[in-house]
Amino acid sequence: MSDETHRSRYLHDIPLDQALERFLGAIEESGRGGVFNGETIPLGQALGRVTAEPVWARLSSPHYHAAAMDGYATRAENTRGASDRNPITLSLPQDASYVDTGAALPPGADCVIPIEQVEPVEVAGGNAIRVLAPATPWSHVRPMGEDIVATELVIPSGQVLRPVDLGAIAASGYEQITVRRQPRVAIVPTGSELVPLGSNPQPGQILEFNTLMLAAQLEQAGALPEIHAIVPDDLEQIRSVLRDAAREHDLVLINAGSSAGSKDYSATAIESEGELLVHGVAVRPGHPVVLGMLKRPGDPAQAGKVPVIGVPGYPVSAALTGEIFVIPLIQRWLGYSPEPPEILQAEMARKVHSSAGDLEYLRVTVGKVGSRWIAAPLARGAGVITSLVRADGIVEIPAGVQGLQANESVSVRLYRPRATLERSILALGSHDLTLDIMAQFLAQGGTRLTSANLGSLGGLIALSRGEAHLAGSHLLDPASGEYNLSYIDQYLPQIPVAVIALVGREQGLVVQPDNPLNIGGLRDLVRTDVRFINRQRGSGTRILVDYHLEQLGISRQEIQGYEREEFTHLTVAAAIASGSADTGLAVRAAAEALHLGFIPLFHERYDLIIPCEHYRSVLLSPLLELLHENRFREAVAALPGYDVGPMGSIIYMSDGCEG
């Protein structure tokens with residue numbers, strides 16, 4: 001087979017199950033598919049390791065009859081007939097003897113009388129105790145083998161050792177334990193654009209943090225990661241590093257070199273140093289995964305091959321590649337099966353489109369609204385690692401399915417315990433920086449606030465469908481100049497709600513520092529040298545800017561960049577800071593956070609819209625109380641352009657909302 005034919009066979013996406021079958025088959029063929037051998041280590045170093053063989057008790061625990069309380073050891077028959085009216089006197093030490101908790105019982109003793117249940121007395125010839133009630137055999141005694149009996153199974157093989165396991169093993173007579181050898185995994189970051197953590201990256205440079213994340217995944221699974229220094233985009237250097245890594249490691253991960261482009265250094269290097277099995281898996285995020293086998297230098301046999309995975313450079317793709325390909329392989333080698341993830345049935349908060357040809361891992365945030373579990377999709381970009389941080393779980397959209405409908409039932413593979421999600425307040429709608437501060441304060445008291453940005457109108461629609469506990473909104477009614485109330489009448493006509501003011505805030509145009517284009521207001525948006533960046537349809541900011549453009553008689557078609565949308569104030573500011581846009585409407589705090597200029601234009605009120613059934617709930621009580629706490633108000637007031645004067649005031653409340 002020619003090199004070109006070999007490449008064309010594999011350089012395309014294939015289904016996940018086929019990719020795994022091909023990869024695991026090659027690993028089996030190389031003799032590396034089984035569990036690793038054991039090694040003996042001190043118990044003090046065994047936390048988190050996996051037992052390679054069962055542990056059978058050498059000693060019983062306790063290995064003698066032990067006193068369970070401070071008192072007097074005796075034979076139960078010595079106390080027969082004792083009562084208040086007929087106390088029995090036991091001479092010391094002939095009939096009874098004092099023992100501390102944990103002490104061995106004297107020969108012949110079969111019970112312990114607690115010290116508080118006896119009366120010391122003096123008798124002729126010595127000391128004695130008076131017993132006022134009969135004792136039963138083996139009362140207040142830990143009999144030999146109560147916990148562990150010698151030769152019984154204490155810990156099976158294939159168990160990840162916990163602190164209590166170490167205690168049980170030690171109690172059964174061991175100071176060492178045989179555990180599976182930890183797989184050694186080399187992580188090789190590649191890319192001329194990468195710079196180490198701690199650097200001050202310049203435009204075009206990227207902080208290299210994927211290896212930190214991959215190494216943590218490996219450690220958590222029980223492997224030993226070894227991170228190589230950054231390797232530039234040089235094929236010969238990458239080949240050399242792969243050869244060295246294959247000598248001493250069980251698995252090699254090459255990160256950031258995997259792509260579908262013309263300069264795919266990882267795939268080329270893997271093919272030249274071994275065998276390229278798969279280039280591209282039909283999963284999103286993460287489809288440009290490379291799977292192969294490296295020749296171990298000096299060992300031409302098939303058994304000398306070492307598996308290698310080319311991990312995509314986008315962080316979400318890298319993390320999911322770890323979950324899908326890397327961690328299961330480590331668990332296979334260590335011979336343990338993890339606890340299966342909890343699966344929760346939930347309803348989608350909104351419609352989601354998906355590529356019909358790929359299996360998609362959709363990140364969602366989850367909350368229980370009334371009796372229904374709601375899953376709201378988060379940002380889907382492969383570079384948005386915060387979407388994994390915020391994710392409560394993953395929804396798999398199978399290949400061949402073009403998306404999910406609003407209210408469609410889905411299975412969520414949870415990242416967080418269900419109990420945590422039951423304490424979560426789900427906020428959908430317009431996002432504000434105040435919500436982030438609120439989430440931090442609530443977390444300190446054990447309540448979780450999770451949110452997804454749907455825009456103000458999207459939040460009201462979510463409330464109308466019973467999909468959120470509350471919505472943030474700042475929708476201006478052009479006719480009345482009031483915020484939110486007319487929209488509530490329109491979108492929530494049958495749902496009683498409370499409208500609570502959160503903040504007043506300043507909106508305006510974000511510009512470059514020192515405003516080099518001398519932008520003064522919305523009229524300048526029609527200039528040919530000004531590139532605007534807009535907010536998404538349905539957002540309060542978009543409605544606000546559209547209203548004022550109409551008042552000024554400015555056509556949207558005249559504005560360069562009007563159709564380009566971002567979903568938060570901070571991402572608008574980030575676009576301007578990056579130079580991809582010159583101006584956009586956002587709050588002052590977003591501009592100052594990125595050290596940008598700001599031209600104040602409007603003052604607006606941002607409210608929380610809360611259906612009455614949730615407003616009265618125990619779940620939301622901490623949030624409503626927080627609005628009146630000085631520390632929280634001071635933290636919000638410290639944001640540039642924010643006014644906490646209206647915070648907590650009731651703007652509107654439906655009849656019976658407090659009843």
Taking residue 395 as meeting all but one of (1) surrounded by 18 or more Cβ atoms within 10 Å (Cβ to Cβ); (2) under 18 Å from residue 454 (Cα atoms), write down the number of the exception. (2)
For strands (runs of 3 or more DSSP E) lying entirely in the stretch 334-386, having 1 or more residues that are crowded, with 18+ Cβ neighbours inside 10 Å, touching a Phe, Trp or Tyr at 6+ places or on another chain (Cβ under 7 Å) and not charged (D, E, K, R) picks out 343-348, 359-369
The stretch 283-330, subset closer than 24 Å to residue 207 by Cβ and touching a Phe, Trp or Tyr at 6+ places or on another chain (Cβ under 6 Å), residue modelled with the lowest pLDDT: 320
Against the conditions (1) farther than 16 Å from residue 310 by Cα; (2) at pLDDT 95 or above, where does residue 214 fall short? Just the number, please. (1)
Among the residues of the stretch 397-418, is there at least one that is closer than 22 Å to residue 353 by Cα, of a type in the set (D, E, K, R) and in contact with a helix residue (DSSP H, G or I) (Cβ under 9 Å, 6 or more places away or on another chain)? no
Looking only at residues that are charged (D, E, K, R) and modelled with pLDDT of 95 or more in the stretch 606-659, which one is surrounded by the fewest Cβ atoms within 10 Å (Cβ to Cβ)? 631
Return the total of residues in the stretch 219-243 being within 21 Å of residue 305 (Cα to Cα) and touching a residue at least 24 places away in the same chain (Cβ under 8 Å). 12
Restricting the stretch 47-58 to residues that are of a type in the set (A, V, I, L, M, F, W, C) and surrounded by fewer than 19 Cβ atoms within 10 Å (Cβ to Cβ), the one farthest from residue 250 (Cα to Cα) turns out to be 56
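Among the listed residues 141, 131, 154, 188, which satisfies the condition of being among the hydrophobic types (A, V, I, L, M, F, W, C) and closer than 30 Å to residue 233 by Cα?
188
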Among 496, 600, which is closer than 28 Å to residue 624 by Cβ and surrounded by fewer than 21 Cβ atoms within 10 Å (Cβ to Cβ)? 496
Residue within the stretch 122-135 that is assigned to a loop (DSSP other than H, G, I, E, B), in the same structural domain as residue 241 (by TED's automatic domain parsing), surrounded by fewer than 17 Cβ atoms within 10 Å (Cβ to Cβ) and at pLDDT below 90 present: no
Given (1) β-branched (Val, Ile, Thr); (2) surrounded by 24 or more Cβ atoms within 10 Å (Cβ to Cβ); (3) part of a helix (DSSP H, G or I), number of the condition residue 510 does not satisfy: (3)
Looking only at the stretch 529-542, count how many residues are part of a loop (DSSP other than H, G, I, E, B) and modelled with pLDDT of 95 or more. 3
In the stretch 618-636, residues that are small (Gly, Ala, Ser) and either touching a residue at least 60 places away in the same chain (Cβ under 8 Å) or touching a strand residue (DSSP E or B) at 6+ places or on another chain (Cβ under 8 Å) (or both) total 1
Hey, any hits in the stretch 543-560 for a residue that's part of a loop (DSSP other than H, G, I, E, B) and surrounded by fewer than 14 Cβ atoms within 10 Å (Cβ to Cβ)? yes
Within the stretch 160-191, can you find the residues that are surrounded by fewer than 17 Cβ atoms within 10 Å (Cβ to Cβ) and touching a residue at least 60 places away in the same chain (Cβ under 8 Å)? 162, 163, 170, 175, 176, 184
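Filter the stretch 524-542 down to residues that are within 36 Å of the chain's Cα centre (by Cα) and surrounded by fewer than 21 Cβ atoms within 10 Å (Cβ to Cβ) and give me whichever is nearest to residue 455 (Cα to Cα).
By that ranking, first place goes to 538.
The values are calculated or read from the model by the stated rules, or taken from the named source; none is laboratory data. Computed from a predicted model, the values in this text were never measured in an experiment. Methodologically, a virtual Cβ is constructed for each residue, glycine included, from the backbone with ideal geometry; neighbour enumeration extends over all protein chains shown.
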